[in-house]
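Structure first, commentary second.
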Amino acid sequence: MITDTFDGYLRRLGVIDPGAPSAEGLFALQRAHLERVSYDNIDIQLGRPPGIDPVAAARRIAAGLGGYCYHLNGAFALLLDALGYDMSLHVGGVYRDAGSREVSGGHLALTVRVDGEAYWVDTGLGDSPYEPLPLREGTYEQGGFHYRMRRLEPLEGEGPGWSLLSSDMHVPRMNFRDAPARTSDFQAMHTWLSTSADSPFVRTLALFRRDARGTDVLRGRVLSRVEPGKGTTERELATPEEFYETLATVFRRHNDDLTAEDRTALWERVNGAHAAWLASGKG
């Protein structure tokens, strides 16, 4: 069964033969993952958050669905391990404060060692870099987006780690610890993020899809496209038909899992949140 899952996973990525582990192969897999598997919190919005078991997450991806960092990076780590890559999970966190040194566990980070180099690999940030970044201090440019990797000065009682800094992402900082982690290390935070009324994943629908030129973003009913040199373009999705067509085409999500009742409930939730957002004066 798990072999069938990996076959389906690779078909979803459009990868016929991944070959032996190599930096070239790793880069191709990350690019394909970001282009073909969206970051989304649809099931959280519907009140049925999926668990973070990596095998179950891989099956979701093979079936045409997405998820957030615990699902996307967890499944990708499982696939890379099955393909023979030397990979590790790490406890991480994302922050709007570019000076933060915290590591909350709100992000699952992934590193891979191949061809004598260590890389930070990520398919679960939403607007992640399009390709892995070397795990060494420096400034990197990809298609007009700019990133900086630097060593993380740990808070007292915490181990060392790394920071990704970028003003081109929706959050300017991601920190993670060097120490390897296990899936169970993220369970408590996943429960809070996927069920608490205070969680941004519960409050707002969010989808991301990254490609070589930029990032597609859907927050509620507002669809955005972010491209270097072109800025951000936005438009509102006016009808449920337009909304679900956008999920299927722009974000490449297979919507067969959504019943008619699901579609009605999700649109009503998104539409209600959008109206409240407009009424708050933020629209």
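No lab work stands behind these numbers, since they all come straight from the coordinates. Quick caveat, the model's predicted, so the values are computed rather than measured. Because the Cβ atoms are built from the backbone with ideal geometry, glycine has one as well, and the counts that use them run over all protein chains shown.
Remarks
- One chain, two ends: TRP192 and THR233. Fully extended at 0.36 nm per residue, the span grows by 11.5 nm beyond their Cα-Cα distance.
- Relative contact order of the range 191-279, defined on C-alpha pairs under 8 angstrom at six or more residues apart (%): 19 percent
- Extreme residue, positive dipole direction of the chain, given options VAL112, ALA98, ALA58 (C-beta unit charges): ALA98
- Label-point separation in nm, SER184 to ARG101, each point 7 Å along Cα→Cβ: 3.1 nm
- The charge dipole of the chain, taken about the Cα centre with unit charges on the Cβ atoms of Lys, Arg (+1) and Asp, Glu (-1), comes to about 460 debye, rounded to the nearest 20.
- Average Cα contact separation per residue, the chain, under 8 Å, 6 or more apart, as relative contact order %: 18 percent
- Cβ-Cβ distance of GLU35 and GLU242, R₀ of 22 Å, FRET efficiency by 1/(1 + (r/R0)^6): the value works out to about 0.50.
- Anisotropy class of the range 1-116 from Cα gyration tensor, a/c 1.5 cut: oblate
- Percent RCO, i.e. relative contact order, over the range 88-130, from Cα pairs under 8 Å lying at least 6 residues apart: 32 percent
- Evaluated with a Cβ-only charge set (Lys, Arg +1; Asp, Glu -1), the range 191-279 carries a dipole of roughly 420 debye about its Cα centre, given to the nearest 20.
- Kirkwood hydrodynamic radius (C-alpha pairs) into Stokes-Einstein, the chain, 20 °C and 1.002 mPa s, D in µm²/s: 111 µm²/s
- For the range 40-95 and the range 124-156, distance of Cα centres in Å: 20 Å
- For the range 161-259, the square roots of the Cα gyration tensor eigenvalues, ordered a ≥ b ≥ c, give a/c of at least 1.5 with a/b no greater than b/c, which places it in the oblate category.
- FRET efficiency for the ASP262 to THR204 pair, using the beta carbon distance and R₀ = 25 Å, is estimated at 0.90.
- Computed about its Cα centre, the charge dipole of the range 1-142 is approximately 380 debye, with only Lys, Arg, Asp and Glu carrying charge at their Cβ.
- Cα gyration tensor, the range 34-83 - rounded (a/c under 1.5), prolate or oblate: prolate
- Rounded to 10°, Cα long-axis angle of helix 23-36 versus longest principal axis of the chain: 10 degrees
- The range 66-126: trypsin sites (Lys or Arg not before Pro) in DSSP coil with no more than 14 other Cβ atoms inside 10 Å: ARG96
- Taking the range 72-92 and a reference point 7 angstrom along Cα→Cβ of ALA23, the backbone N atoms nearer than 17 Å belong to 85-87.
- Using θ = phi - 60° and Karplus 6.51 cos²θ - 1.76 cosθ + 1.60, couplings along the range 92-97 (whole Hz; Gly, Pro as x): x, x, 10, 9, 7, 7
- Estimated FRET transfer efficiency (ALA276, ASP115; beta-carbon r; R0 51 Å; 0.05): 0.50
- Under 5 Å between amide hydrogens, built in the peptide plane, is the criterion, and for ALA118 it picks out LEU135 among residues at least 5 positions away or on other chains.
- Multiplying the residue separation of ILE16 and ALA212 by 0.36 nm and subtracting their alpha-carbon distance yields 68.5 nm.
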